[in-house]
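Here's the structure we're looking at; comments come further down.
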């Protein structure tokens, strides 16, 4: 009854016109991949592949669609759940295709997007992002590694009126780690270049340093120095800066506030102290996704140097 109620509410929230719009966009995005699949596998498996994508988008929730039986039920109907599960299993077991086909199709679209931005004279940005997919209830898979739970971190926040807060130690749960690469211009929507899952345990165990090194080498070989790499605070380190300088790549790194850098006088101070007391050189309205409003945000910049590379201006 609860599942039926959730599905009914979800269908009421999305008008048919909106659902049709996203279905058409999904068909356009995957058309080239479907054409290649049609030449490799049975057309019934191709139809299952297309329907499975729609099912995953409709029920993209960590508590829904975790099992093939649940996906099979949403793929067809509750009465035809075994048949739907069998269709998905036949698709996954088919030896004539693999995930590299999807990866190849996504990169081909990204290459076309890159060429279009170059023809328009826009600067191409390569956006790096990392996160984890938590599977706290899963223990059977040997490939699940230990990841820090962001949900547990949110639940541990101190709130007014509640006492005895838990300690600050991170909580680790089974899960997978992922790396996403997006291509973007100065305007318009970005384009996906790569979305890779990896784990630290099991037969397919890999290390984060190796994954990042391989991805950086591949991007350097494909785009060279014609793009600007944008990194978040997780990449702010001496080792990663050294890789960018060695490859002679242009990068924009968001440093942590307590990290020590060299100012113009050569003095090592914390990053936040570099702009203390400085007036903003420009302002812009930036949308605050947390408070659902636009905020006037200022920007200030100045030359700095890294203690490990004092001769390199940044």
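I'd like to know if segment 148-167 contains one or more residues that are at pLDDT 85 or above, surrounded by 12 or more Cβ atoms within 10 Å (Cβ to Cβ) and within 18 Å of the chain's Cα centre (by Cα).
Yes, segment 148-167 contains a residue that is at pLDDT 85 or above, surrounded by 12 or more Cβ atoms within 10 Å (Cβ to Cβ) and within 18 Å of the chain's Cα centre (by Cα).
May I ask you to list the residues in segment 187-204 that are over 16 Å from the mean Cα position of the chain (by Cα) and touching a residue at least 12 places away in the same chain (Cβ under 8 Å)?
Residues satisfying the conditions are 187, 200, 201, 202, 203, 204.
Counting only residues that are surrounded by fewer than 12 Cβ atoms within 10 Å (Cβ to Cβ) and under 25 Å from the mean Cα position of the chain (by Cα), give me the helices (runs of 4 or more DSSP H) lying completely in segment 34-135 with at least 2 of them.
The qualifying helices (runs of 4 or more DSSP H) are 99-119.
Mind counting the residues in segment 205-245 that are in a helix (DSSP H, G or I), under 18 Å from the mean Cα position of the chain (by Cα), in contact (Cβ under 8 Å) with a residue 40 or more places away in the chain and under 27 Å from residue 116 (Cα atoms)?
Total meeting the criteria: 1.
Going residue by residue through segment 161-174, is there one that turns out to be touching a residue at least 24 places away in the same chain (Cβ under 8 Å) and in contact with a helix residue (DSSP H, G or I) (Cβ under 8 Å, 6 or more places away or on another chain)?
For segment 161-174, residues touching a residue at least 24 places away in the same chain (Cβ under 8 Å) and in contact with a helix residue (DSSP H, G or I) (Cβ under 8 Å, 6 or more places away or on another chain): present.
Exactly one of these conditions fails for residue 116: (1) closer than 18 Å to residue 189 by Cα; (2) in contact (Cβ under 8 Å) with a residue 24 or more places away in the chain. Give me its number.
Evaluating residue 116 over (1) closer than 18 Å to residue 189 by Cα; (2) in contact (Cβ under 8 Å) with a residue 24 or more places away in the chain leaves (2) as the failure.
Output the residue which, of all residues in segment 168-203 that are more than 28 Å from residue 111 (Cα to Cα) and loosely packed, with under 11 Cβ neighbours inside 10 Å, is modelled with the lowest pLDDT.
For segment 168-203, the residue satisfying everything is 168.
Before we move on, is residue 278 surrounded by 10 or more Cβ atoms within 10 Å (Cβ to Cβ), modelled with pLDDT under 90 and more than 20 Å from residue 245 (Cα to Cα)?
Here the answer is yes, as residue 278 does meet what is asked.
For a quick check of your reading: which strands (runs of 3 or more DSSP E) sit entirely within segment 250-314 and have at least 3 residues that are outside the structural domain of residue 124 (by TED's automatic domain parsing), without any contact (Cβ under 8 Å) to a residue 12 or more places away in the chain and farther than 21 Å from residue 231 by Cβ?
Qualifying strands (runs of 3 or more DSSP E): 293-299.
The values are calculated or read from the model by the stated rules, or taken from the named source; none is laboratory data. It should be emphasised that the depicted structure is a prediction, and the values quoted were computed from it without experimental measurement. Reconstructed Cβ throughout: ideal geometry from the backbone, glycine too, with neighbour counts over all protein chains shown.
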